[in-house]
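For reference, the structure is listed below as C-alpha cells.
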Amino acid sequence: MDMEKNYTILAIESSCDETSCAVVVDGRTVLSNVVSSQIDIHTLFGGVVPEVASRNHITAIDNIVNEALKEANKTLDDIDAIAVTYGAGLVGCLLVGISYAKALSFATGKPLIAVNHINGHIASNYITYPDLKPPFMCLLVSGGHTAIIKVDEYNQHTVIGNTLDDAVGESFDKVARVMGLGYPGGPKVSKCAENGKDNIVFVKPNDSLGYNFSFSGKKTAVINYIHNLEQKNLTIPVNDICASFQKCAVDELVDKTIRATIESGLDKVVVAGGVSANKLLRQELSTKCAQNGIKCYLPDLKYCTDNAAMIGSSAYFDVLLGKPFADGSLAPKANLEL
Ligand code: KG4
Ligand code: ZN
C-alpha cells in the first residue's frame, strides 16, 4: 500500500497486567509510550488475577491514552489510525483495550488495526533497530510463549520450534514462587542468580525434542529439589538454585536458536518477549552469535516487556502490507495462534 510519510498510529495494549498507550510514527519512531503496570497489585496474590487485571485496565485506560497523546504533543486529529492488541492474552483484559479502541475509532472515523501481541513483541526490535528488516530468526520468550520462529516478512512467520508445555517466563515465575521470591519471578530469579553458582544439575539436556522445548520438567525438578531439602530441614541454597535453573534454561534457548539459524541459512537472530530482558540470555546469545558469524538483535530493555509502542510498530507493517482494517465486529482471541 502507498502510504504517506509520517503515518501516525495511536496504539493500545491491555492483554495482561500492563495498561499501555503509545503514539508511533511510520512503525519506527516512538513519540510516546506510557505504561501503567499492575505489578504491585498482583504481587499481593503471587500472580496475575484476571478479573482484578480487567478492572484495573478499565480504571486506567482513559488517563493512559490522554497521557500518551499529551506526551506525544498530538491530538486525535493528528492520528491516522487506532491500533489495539486483540490476542493472545486474558480475554477480559483484551476486551477493555478493544472496546476502548473501537469506540475511539467509531467516534473519530479513523481506521482500526487489530494487532497480534506476538507480532508486537517482534516489532519491538524494529523500534530498537531502525534498519532491521526480515528475513531473520526470532527467539520468542515471554510469559505465555517460547518458540523459535522464522520471520519471512513483516508480521509473517513460520514456527520452527515451540514449547511442549510451560513457557520459559512462566517457569521462571513458578520457580520464584516456590522460593517465595515474589512476582514476576524472572527478574527476581535473575537477581538472585548473580550471587549464586550454577552448580546444581536439575535435568540433563533432552536431544529428542529437536527444536521444541520443555520447561515443565525443569521447573518440577527444581521444586522436587527444594522439597527434598525442606524435608531434611536443610538450608535452601536460593542463589545457587536460581543460577543453576537460569543457566540450564538459557543454554537450551541459545543452543537451539543458533542451530536453527545456521540450518536455515540465516545470518540474523532477533529476540522478543519479556524474558529477552534476562541478562544471561542477552550475554550468552550475543557471544554465541558472534562465534558463529550471526548478527544478534536484542530489544531495548524498555520494549522487552508488554508495551503499546511495539503494537503501534507492528500495526504500521500490517497497513503497509495491505492487511484489511478491523471493524466493529473485532473480538478478543485469548488463544490466538503464533
Ligand atoms: O512478554 P511479557 O511482558 O508478557 C507476556 O506476553 O507473557 O513477559 C513476561 C514474562 C514473565 O514471565 C517474567 O517473569 C519474564 O517475562 N521476565 C523475565 C525477566 N524479565 C521479565 N524472565 C527472566 N529474566 C528477566 N530479567
Ligand atoms: Zn507480552
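Scan segment 171-226 residue by residue and report those that are crowded, with 24+ Cβ neighbours inside 10 Å and out of contact with any helix residue (DSSP H, G or I) (no Cβ under 8 Å at 6 or more places or on another chain).
none
Only one residue in A272, A277 is within 30 Å of I79 (Cα to Cα), touching a Ser or Thr at 6+ places or on another chain (Cβ under 9 Å), among the aliphatic types (A, V, I, L, M) and not assigned by TED's automatic domain parsing to the domain that holds Y86. Which one?
Working: A277 fails: within 30 Å of I79 (Cα to Cα).
When all the criteria are applied, what remains is A272.
Can you tell me how many residues in segment 204-224 are of a type in the set (D, E, K, R) and free of Cβ contacts under 8 Å to residues at least 12 places away in the same chain? Before you say what the answer is, go through the steps one by one.
Kept after step one, since they are of a type in the set (D, E, K, R), are these residues of segment 204-224: 204, 207, 218-219.
Checking the rest, the ones that are also free of Cβ contacts under 8 Å to residues at least 12 places away in the same chain come to 204, 207.
Residues flagged as of a type in the set (D, E, K, R) and free of Cβ contacts under 8 Å to residues at least 12 places away in the same chain within segment 204-224 amount to 2.
Table: residues versus (1) surrounded by fewer than 17 Cβ atoms within 10 Å (Cβ to Cβ); (2) of a type outside the set (A, V, I, L, M, F, W, C); (3) closer than 15 Å to G27 by Cα; (4) more than 14 Å from the chain's Cα centre (by Cα).
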{"residue": "D78", "(1), (2), (3), (4)": "yes, yes, no, yes"}
{"residue": "G87", "(1), (2), (3), (4)": "no, yes, no, no"}
{"residue": "L104", "(1), (2), (3), (4)": "no, no, no, yes"}
{"residue": "T128", "(1), (2), (3), (4)": "no, yes, yes, yes"}
{"residue": "L140", "(1), (2), (3), (4)": "no, no, no, no"}
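Somewhere in segment 30-51, is a residue closer than 16 Å to A309 by Cα, without any contact (Cβ under 8 Å) to a residue 24 or more places away in the chain and within 21 Å of the chain's Cα centre (by Cα)? Outline the logic, then answer.
Step one: list which residues in segment 30-51 are closer than 16 Å to A309 by Cα, which gives 30-37.
Now narrow it down to the ones that are without any contact (Cβ under 8 Å) to a residue 24 or more places away in the chain: 37.
From what's left, within 21 Å of the chain's Cα centre (by Cα): 37.
Yes: one or more hits.
In this structure, is T146 crowded, with 24+ Cβ neighbours inside 10 Å, within 16 Å of ligand 1 (Cβ to nearest atom), of a type in the set (S, T, Y) and not assigned by TED's automatic domain parsing to the domain that holds G210?
Values: crowded, with 24+ Cβ neighbours inside 10 Å: yes; within 16 Å of ligand 1 (Cβ to nearest atom): yes; of a type in the set (S, T, Y): yes; not assigned by TED's automatic domain parsing to the domain that holds G210: no.
Against the criterion (crowded, with 24+ Cβ neighbours inside 10 Å, within 16 Å of ligand 1 (Cβ to nearest atom), of a type in the set (S, T, Y) and not assigned by TED's automatic domain parsing to the domain that holds G210), T146 does not qualify.
Considering only residues that are charged (D, E, K, R) and either within 16 Å of ligand 2 (Cβ to nearest atom) or within 18 Å of F172 (Cβ to Cβ) (or both), which ones fall in segment 128-155? Reasoning before the result, please.
Start the filter on segment 128-155 by keeping residues that are charged (D, E, K, R), which leaves 131, 133, 150, 152-153.
Once the filter is applied, which keeps residues that are charged (D, E, K, R) and either within 16 Å of ligand 2 (Cβ to nearest atom) or within 18 Å of F172 (Cβ to Cβ) (or both), segment 128-155 yields nothing.
Examine segment 42-54 for a residue that is at pLDDT below 95, among the aromatic types (F, W, Y) and surrounded by fewer than 22 Cβ atoms within 10 Å (Cβ to Cβ), and state whether such a residue exists.
Yes: segment 42-54 contains one or more residues that are at pLDDT below 95, among the aromatic types (F, W, Y) and surrounded by fewer than 22 Cβ atoms within 10 Å (Cβ to Cβ).
Being free of Cβ contacts under 8 Å to residues at least 40 places away in the same chain, touching a strand residue (DSSP E or B) at 6+ places or on another chain (Cβ under 7 Å) and not in a helix (DSSP H, G or I): is that true of T85 here?
In short, no.
Could you grab me the full set of residues in segment 157-203 that are touching a strand residue (DSSP E or B) at 6+ places or on another chain (Cβ under 6 Å) and either within 11 Å of ligand 1 (Cβ to nearest atom) or without any contact (Cβ under 8 Å) to a residue 40 or more places away in the chain (or both)? Can you show your working first?
Quick first cut of segment 157-203, residues touching a strand residue (DSSP E or B) at 6+ places or on another chain (Cβ under 6 Å) only: 157-163, 167-168.
Those that are touching a strand residue (DSSP E or B) at 6+ places or on another chain (Cβ under 6 Å) and either within 11 Å of ligand 1 (Cβ to nearest atom) or without any contact (Cβ under 8 Å) to a residue 40 or more places away in the chain (or both): T158, A167, V168.
Quick check: anything in segment 236-247 touching a Gly at 6+ places or on another chain (Cβ under 6 Å) and surrounded by fewer than 20 Cβ atoms within 10 Å (Cβ to Cβ)?
First pass over segment 236-247, keeping only residues touching a Gly at 6+ places or on another chain (Cβ under 6 Å): 239-240, 242-243.
Subsequent filtering for residues that are surrounded by fewer than 20 Cβ atoms within 10 Å (Cβ to Cβ) retains 239-240.
For segment 236-247, residues touching a Gly at 6+ places or on another chain (Cβ under 6 Å) and surrounded by fewer than 20 Cβ atoms within 10 Å (Cβ to Cβ): present.
For segment 310-331, check the following and say yes or no: at least one residue is crowded, with 21+ Cβ neighbours inside 10 Å, touching a Phe, Trp or Tyr at 6+ places or on another chain (Cβ under 8 Å) and under 30 Å from C192 (Cβ atoms).
yes
Condition first: at negative phi and assigned to a loop (DSSP other than H, G, I, E, B). Now tell me which residues in segment 127-163 satisfy that.
The initial filter retains those residues of segment 127-163 that are at negative phi, namely 127-154, 156-163.
The answer is Y129, P130, D131, L132, K133, P134, P135, S142, G143, G144, H145, Y154.
Can you name the residue in segment 106-126 that is within 11 Å of the chain's Cα centre (by Cα) and of a type in the set (S, T, N, Q) and is also farthest from ligand 1 (Cβ to nearest atom) among such residues?
From segment 106-126, those within 11 Å of the chain's Cα centre (by Cα) are 117-124; that's our starting set.
Cutting the leftovers down to of a type in the set (S, T, N, Q) gives us 119, 124.
Numbers: N119: 12, S124: 9 Å.
Among those residues, the one meeting the criterion is N119.
When you check I64 against the structure, is it in contact (Cβ under 8 Å) with a residue 40 or more places away in the chain and more than 23 Å from V49 (Cα to Cα), yes or no? Steps first, answer last, please.
Values: in contact (Cβ under 8 Å) with a residue 40 or more places away in the chain: yes; more than 23 Å from V49 (Cα to Cα): no.
The answer is no for I64.
Can you tell me which of (1) among the small types (G, A, S); (2) touching a strand residue (DSSP E or B) at 6+ places or on another chain (Cβ under 9 Å); (3) surrounded by fewer than 24 Cβ atoms within 10 Å (Cβ to Cβ) is the one S124 doesn't meet?
Against the list (1) among the small types (G, A, S); (2) touching a strand residue (DSSP E or B) at 6+ places or on another chain (Cβ under 9 Å); (3) surrounded by fewer than 24 Cβ atoms within 10 Å (Cβ to Cβ), S124 comes up short only on (3).
Quick one: which helices (runs of 4 or more DSSP H) sit completely within segment 172-291 and have at least 3 residues that are away from ligand 2 (no atom under 16 Å from the Cβ) and within 30 Å of P134 (Cβ to Cβ)?
Filter on segment 172-291 gives 238-264, 279-291.
The values are calculated or read from the model by the stated rules, or taken from the named source; none is laboratory data. None of the values given here were measured: they were computed from a predicted structure. Cβ atoms come from the backbone with ideal geometry, glycine included; neighbour counts cover every protein chain shown.
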